[in-house]
Amino acid sequence: MTYNPARQFRCTIIRGKAKNALDNLLPAYAKIISDICPSPKDQFALQFNERLSEILGESVEKTLNNHRTEIAGKFFGMYYEDVHGTIISSDRTEKYLEDSDQPAFFKDICFKFQFPNGMDKSENVIEKFSNGVSIRQFPYILKLLVLSEQRGLRLTKDEIGYYVLNSLDVLSGRVDPSVVLDFITSDRNAGIKKKVTVTGKASSYSMQHINEQLNYLELANLIRIDNKIISLNHRENETISFMSDYWNKDPEFNVGGYNLKDSVQRKQFYFDWQLFYSSLNKELKFTTSVDSLNIKVQPSGNGTSVIVDTNLIGEEGENFVLQFEKNRVSSFDHRLVRKVIYLGKTRGLGFDIQSVIAEPGEYSEFVKYIEVKTTKRVTVPDPRDPSWIDTVNLTRNEWVAAAQHRKYYSIYRVYLTPENVTIFTINDPYTKDEEGTIRCKPINYRLDFTNSSIDSVLSS
C-alpha cells in the first residue's frame with residue numbers, strides 16, 4: 001500500500017498520570033494489592049479504595065475507582081479476576097515486589113502492549129479493528145528510532161505523533177519504518193513541520209495520547225526526551241534490539257478471534273485479555289542494570305563529594321552506601337573509618353553495614369547498624385509530595401535486628417535514578433512502628449513509610 005501520513009486516526013490509551021506520579025504510584029499499588037489479594041471482587045474494590053484513600057488523602061470515589069480499575073488494573077496489569085470472581089495479584093506485580101525494578105516493570109508493559117486491546121470499551125475496540133488497526137507500537141517506535149539514529153537523525157515528539165502514533169497506515173501495521181523515515185526526511189528538507197492537531201482542541205489535548213505513550217518508554221529506561229527531541233538510551237541496547245525486532249510481528253493477542261457484538265464472546269474476550277496482559281512470559285524477564293541508568297555524579301547532601309562508580313554500586317546498592325558512610329564518618333573523625341565494615345555477605349545478621357554514629361555527643365563512637373534496600377526507577381522520588389509512599393520487604397532477621405538495636409539501627413532506602421542516587425534514612429524503624437508512623441506487617445516484615453518518617457534526604 002502507499003503510505004499517506006495525512007490519513008490520521010486518533011488511537012488513544014487509558015489516561016495515566018505524570019511520569020513521576022506513575023513511578024510513585026507503582027509501589028503504592030503493589031503494596032495494597034499484595035496485602036489484600038486474593039480477595040473476592042467486591043471486597044477487593046472496597047479495601048483497595050480504602051487503603052489508597054489513606055495514602056493519597058483522596059476521598060472521591062470516582063478518582064479512587066480510576067486508580068484501581070484503569071491504571072493499576074487495566075494499564076499496569078497488576079491483578080486479574082479468576083473464574084471464581086476472586087482478584088489475584090498478577091505475575092507482573094509479584095516480580096516487581098521481588099526485584100524493586102521499576103523500569104523492568106514498564107519494559108514488560110511496553111513489550112506486551114498492542115492496538116487493539118482489551119483496555120478499551122467494546123465499541124472502541126470494534127472501531128479500531130474495523131479500521132484495520134493492528135500493531136505493537138512500542139517495538140515499532142524503537143525500530144524507527146534505531147533507523148533514524150543510524151542516519152544521524154533525532155526525531156521529535158511531534159514527528160512520532162503525526163507520522164506514527166496518529167497515522168492510520170502505520171497503526172494498521174502495513175508500513176515499513178524506513179518508509180516513514182523517508183517521509184519525515186523529505187518533509188524536513190522541504191521545511192514542512194507536521195504535528196497532531198484536533199480542530200477546536202488545545203495542543204495538550206491533541207498530543208495527550210502521544211505524550212503518555214512516550215512516557216512509558218521513558219519509564220522503561222529505553223528513551224530520553226530533551227526539549228521534545230527523542231534519543232535512545234544506548235545503555236539499554238540489548239533490550240532495544242530485542243524489542244525492536246518485533247516491530248512487524250502481529251499483536252500477540254488475537255482480537256479478531258472474538259465477535260464483540262455477542263455478549264458471551266465479549267465477556268470471554270475481556271476475561272482472556274486480562275489473563276494474557278497481566279501474565280509474564282516465564283522465559284522472558286526484563287531487568288535493568290545499574291549501568292543502564294547512566295547515573296550522574298552530584299554533590300552529596302552533606303557537602304562531601306561521593307564518586308558514583310557503577311561498578312561499585314552493585315545491584316543492591318550496598319557498596320554505594322558503604323562508600324557514603326566512609327565519607328560521612330571520615331568527615332567527622334577519620335580515625336573511625338576503619339569501623340565502617342561491609343557485612344552484607346554474612347548470613348543471619350539482619351543488616352548489611354556496621355558503621356558508627358559519628359555525630360557530636362557521648363554516643364559518637366557507638367555502633368550503627370544499617371540495612372540497605374535499593375530500587376531502580378527513572379524519576380527521582382520527592383518525599384515532599386503528600387501522596388508519596390514506598391514499601392520495602394524485610395526478612396525476619398532484619399526485623400529482629402531492628403527490635404534489638406532500636407535507635408542504633410537504620411534502614412537506608414537507596415533510589416538509583418539517571419539524575420542521581422538518593423538515600424532516604426529511616427532511623428529506629430521498630431520504634432516508629434510502635435508509634436504508628438510506619439506500618440510493618442509480618443508478611444516478610446514489609447515496612448511502609450511516608451514523608452513524615454524520613455530523618456534525612458541525601459543525594460549523590
* With respect to Leu46, determine if the residue is part of a helix (DSSP H, G or I), surrounded by fewer than 20 Cβ atoms within 10 Å (Cβ to Cβ) and without any contact (Cβ under 8 Å) to a residue 60 or more places away in the chain. => yes
* Residues in region 255-277: is at least one polar (S, T, N, Q), modelled with pLDDT under 95 and assigned by TED's automatic domain parsing to the domain that holds Lys112? -> no
* To do: Determine the pairs where a residue that is farther than 13 Å from Ile223 by Cα and modelled with pLDDT of 95 or more, located within region 138-156, has a partner that is aromatic (Phe, Trp, Tyr) and buried (at least 17 other Cβ atoms within 10 Å of the Cβ) with Cβ atoms under 8 Å apart, the partner being 6 or more residues away or on another chain.
  => Tyr140/Trp247
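Residue by residue, here is whether (1) assigned by TED's automatic domain parsing to the domain that holds Ser355; (2) part of a helix (DSSP H, G or I); (3) farther than 30 Å from Gly348 by Cβ; (4) of a type in the set (S, T, N, Q) holds:
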residue	(1), (2), (3), (4)
Val372	yes, no, no, no
Asp382	yes, no, yes, no
Trp388	yes, no, yes, no
Val392	yes, no, no, no
Ala402	yes, yes, no, no
Lys407	yes, yes, no, no
* Is region 213-231 home to any residue that is within 21 Å of Val125 (Cα to Cα) and assigned by TED's automatic domain parsing to the domain that holds Ala104? -> yes
* Structure fact -> In region 66-89, anything assigned to a loop (DSSP other than H, G, I, E, B) and over 14 Å from Pro27 (Cα atoms) is listed as Asp82, Val83, His84, Gly85
* To do: Go through region 1-54 and count every residue that is of a type in the set (Lys, Arg), under 25 Å from Phe113 (Cα atoms) and under 21 Å from the mean Cα position of the chain (by Cα).
  => 4
* Structure fact -> Note on Asp82: of the conditions (1) buried (at least 19 other Cβ atoms within 10 Å of the Cβ); (2) farther than 30 Å from Tyr163 by Cα; (3) modelled with pLDDT of 95 or more, unmet is (1)
* To do: Look through Phe106, Phe111 and report the one residue that is surrounded by 23 or more Cβ atoms within 10 Å (Cβ to Cβ), at pLDDT 95 or above and within 30 Å of Ala30 (Cβ to Cβ).
  => Phe106
* **Test: residue in region 99-106 that is closer than 30 Å to Ser289 by Cα, out of contact with any helix residue (DSSP H, G or I) (no Cβ under 9 Å at 6 or more places or on another chain) and not charged (D, E, K, R)** => no
* Of the residues Ile426, Ile411, Ile389, which is at pLDDT 85 or above, of a type in the set (A, V, I, L, M) and in contact with a Phe, Trp or Tyr (Cβ under 8 Å, 6 or more places away or on another chain)? -> Ile426
* Asked: So how many residues does region 392-406 have that are basic (Lys, Arg) and either modelled with pLDDT under 95 or crowded, with 19+ Cβ neighbours inside 10 Å (or both)?
  -> 1
* Take the residues of region 126-136 that are farther than 19 Å from Asn281 by Cα and touching a residue at least 60 places away in the same chain (Cβ under 8 Å): which is nearest to the chain's Cα centre (by Cα)? -> Ile135
* To do: List every residue pair whose Cβ atoms sit under 7 Å apart, with the two residues 6 or more apart in sequence or on different chains, where the first one lies in region 418-444 and is in a loop (DSSP other than H, G, I, E, B) and the second, anywhere, is surrounded by fewer than 19 Cβ atoms within 10 Å (Cβ to Cβ) and hydrophobic (A, V, I, L, M, F, W, C).
  => Glu419/Val380; Asn420/Val380
* Structure fact -> Of the residues in region 213-267 that are among the polar types (S, T, N, Q), assigned to a loop (DSSP other than H, G, I, E, B) and without any contact (Cβ under 8 Å) to a residue 60 or more places away in the chain, the one that is farthest from Val290 (Cα to Cα) is Asn259
* Asked: Looking at this structure, is Ser134 within 23 Å of Glu212 (Cα to Cα) and in contact with a Gly (Cβ under 9 Å, 6 or more places away or on another chain)?
  -> yes
* Can you tell me how many residues in region 127-145 are surrounded by fewer than 18 Cβ atoms within 10 Å (Cβ to Cβ) and not polar (S, T, N, Q)? -> 3
* Structure fact -> Of Val414, Val329, the only residue that is aliphatic (A, V, I, L, M), in a strand (DSSP E or B) and surrounded by 19 or more Cβ atoms within 10 Å (Cβ to Cβ) is Val414
* Asked: Restricted to region 173-219, and to residues that are among the aliphatic types (A, V, I, L, M) and closer than 26 Å to Thr417 by Cβ, which residue is surrounded by the most Cβ atoms within 10 Å (Cβ to Cβ)?
  -> Leu217
* To do: Please list, ordered by first then second residue, the pairs with beta carbon atoms under 7 Å, 6 or more apart or interchain, first in region 177-188 and farther than 15 Å from Lys143 by Cβ and assigned by TED's automatic domain parsing to the domain that holds Gln150, second part of a helix (DSSP H, G or I) and not β-branched (Val, Ile, Thr).
  => Phe183/Tyr163
* **Hits in region 90-125 (condition: hydrophobic (A, V, I, L, M, F, W, C) and either closer than 19 Å to Tyr270 by Cβ or over 10 Å from the mean Cα position of the chain (by Cα) (or both))** => Leu97, Ile109, Cys110, Phe111, Phe113, Phe115, Met119, Val125
* For residues that are within 19 Å of the chain's Cα centre (by Cα) and among the polar types (S, T, N, Q), tally how many sit in region 350-388. => 4
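The values are calculated or read from the model by the stated rules, or taken from the named source; none is laboratory data. Bear in mind the structure is a predicted one, so any value in this text is a computation, not a measurement. Neighbour counts are summed over all protein chains in view; Cβ atoms, including those assigned to glycine, are modelled from backbone coordinates with ideal geometry.
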